[in-house]
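Reading through the structure tokens given below for one structure.
The values are calculated or read from the model by the stated rules, or taken from the named source; none is laboratory data. In this text the structure is predicted, and so the values were computed from the model without any measurement. Note: ideal-geometry Cβ built from the backbone for every residue, glycine included; neighbour counts use all protein chains shown. Surface accessibility is based on the protein's heavy atoms, side chains included, excluding ligands, DNA and RNA. Shrake-Rupley method; radii C 1.70, N 1.55, O 1.52, S 1.80 Å.
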Amino acid sequence: MTLPRSVRVVAASLVLGLAAALLVAVSPSPALAGLGHHGQHDKKRKKGKVVWDSTSFYAGSGAVAAHGKVPGGKKKVKLQVKLPGGWHTFASTKSSRKGTFSIAGTLNWYGSHKVRVSTSGRHRFNRSTKVNVFYTYAPRGNPADHVFLNHQGVRYSFNPCKTVRYAVNGDDVGPFGVLFAQMVMAQTSMATGIPVRYVGLSHQIPFQTDETRLPGNQDLLIAFADETEMPDFVTRSALGFGGPVQLRPARDGRHRRVWEATQSAVVFDTNKWYGTDLEQAFVGKKPLWGEVMLHEFGHAFGLDHSNGPDQIMYWQAGNGVYPDGYFRALYGAGDLAGLATDGLGQGCFRRVTRFRDGAPARIAAPRPLP
């Protein structure tokens, strides 16, 4: 039987419409199809690999090193250490267009630390590991045996995430004295984790007036002076003095109040340097200049006198004798714990205008300690 032409047209339209509807029902939309494709592509691009080449070493003799491939092609690749309040970058490089990279960074900070390779932006990538920085000796004493310099309970400290730039006034002691000071600074840097950089010689002597100001390119001054230039060596019976000279309010990585030492200084008695009571050494049969200088550097980095006679920060010099009869210029367990707290162990600082509880926006630097 033949259907009328008008009926045939209507039937054809219904068939075409039904076919189109079925096609839409069984075929993904362009957006959904694209999502599946790009999701696979993104998953592929997020793949990366890190090979850790160096994660355990003695302080001062190695570095954290890694290589591998990050997703996203050419990117900034960072080495970061986990601190209170977040991650701190201590080395960076650029990956190739294919994402391959090789990176190494100095982390001369005693202890075990969580470190990661990280990229930011689109296709972020993070891979972490544990890094061990070993002591070259066995620290003695009680780790709790340390005291912090403070004003009304608020500690003094350098910002541990900034490099401390230091100069040495070696007019009285020559190249050997300058080198000796640099060696002491290296041990203090390893204890705090704070990077340091020698910026050259100075002719300035700190603490001769009530207010010491350093040049803009210096954060720490190490100086030697005779007893006519620094009568306090005689009147206070001291071999040296140390402490902060410029302070401003800040918050550490745990949001605690802290006085940031923007400048500090130490000064030592030249007359005693050339005397016979102490050896210009780090190990010997008599009390050592290495002990005295480590002690004053401890003040400059925020430590007060300790009660433990086996600690460098003990109030009286010349107690560094070991059971074998030798003196050693080495920070003790209490010194190290205190310096770590006043170092990277507190996280990076955030500068504030003033403390909310009404504490002053700035305070006068304390009198330097012997």
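Just to confirm, what accessible area per residue do you get for segment 240-370 at 1.4 Å probe, in whole Å²?
39 Å²
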Mean projected area, convex hull of alpha-carbon positions in segment 104-172, reported to one decimal in nm², is 10.0 nm²
On each of the three principal axes the extent of the alpha-carbon atoms of segment 216-326, given in whole Å and largest first, is 45, 37, 25
If each K or R counts +1 and each D or E counts -1, the residues other than residue 109 whose Cβ falls under 14 Å of its Cβ total +2
Note to self: C-alpha centroids of segment 268-290 and segment 125-202 sit apart, in Å, by 21 Å
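Report the gain in length on full extension from residue 94 to residue 276: 0.36 nm times residue separation, minus Cα-Cα distance, nm rounded to one decimal.
Working: separation 182, 0.36 × 182 = 65.52 nm, distance 5.44 nm.
This chain segment gains 60.1 nm when fully extended.
Give 114/162; 74/114; 130/162; 162/286; 69/114 a once-over and call out the pairs whose C-alpha atoms are over 30 Å from each other.
Details: 114/162 20 Å; 74/114 25 Å; 130/162 23 Å; 162/286 36 Å; 69/114 20 Å.
Exceeds cut-off: 162/286.
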With the 8 Å Cα cutoff and a minimum separation of six or more residues, segment 235-300 has a relative contact order in percent of 34 percent
Between the residues 295, 339, 250, the Cα farthest towards the positive end of the dipole of segment 238-344, that dipole coming from +1 and -1 charges on the beta-carbon of Lys, Arg, Asp and Glu, is from 250
Expected sort for 238-246, 196-204, 167-175 on mean C-beta neighbours within 10 Å, highest first, is 238-246, 167-175, 196-204
Charge dipole of segment 105-154 built from unit charges on the beta carbon (Lys, Arg +1; Asp, Glu -1), centred at mean Cα; most positive-end Cα among 126, 152, 111 is 126
For segment 50-182 the mean separation of alpha carbon contacts under 8 Å (6+ apart) over residue count, i.e. relative contact order in percent, is 21 percent
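How high is the relative contact order of segment 195-275, in percent, with contacts defined as C-alpha pairs under 8 Å that are six or more residues apart?
Values: 113 pairs, mean separation 27.0, N = 81.
After rounding, I find 33 percent.
How much accessible area per residue does segment 41-141 have, in Å², with a 1.4 Å probe? Kindly include the intermediate steps, with their values, before the conclusion.
Values: 5490 Å² over 101 residues.
Spelled out: the 1.4 Å probe surface of segment 41-141, per residue, equals 54 Å².
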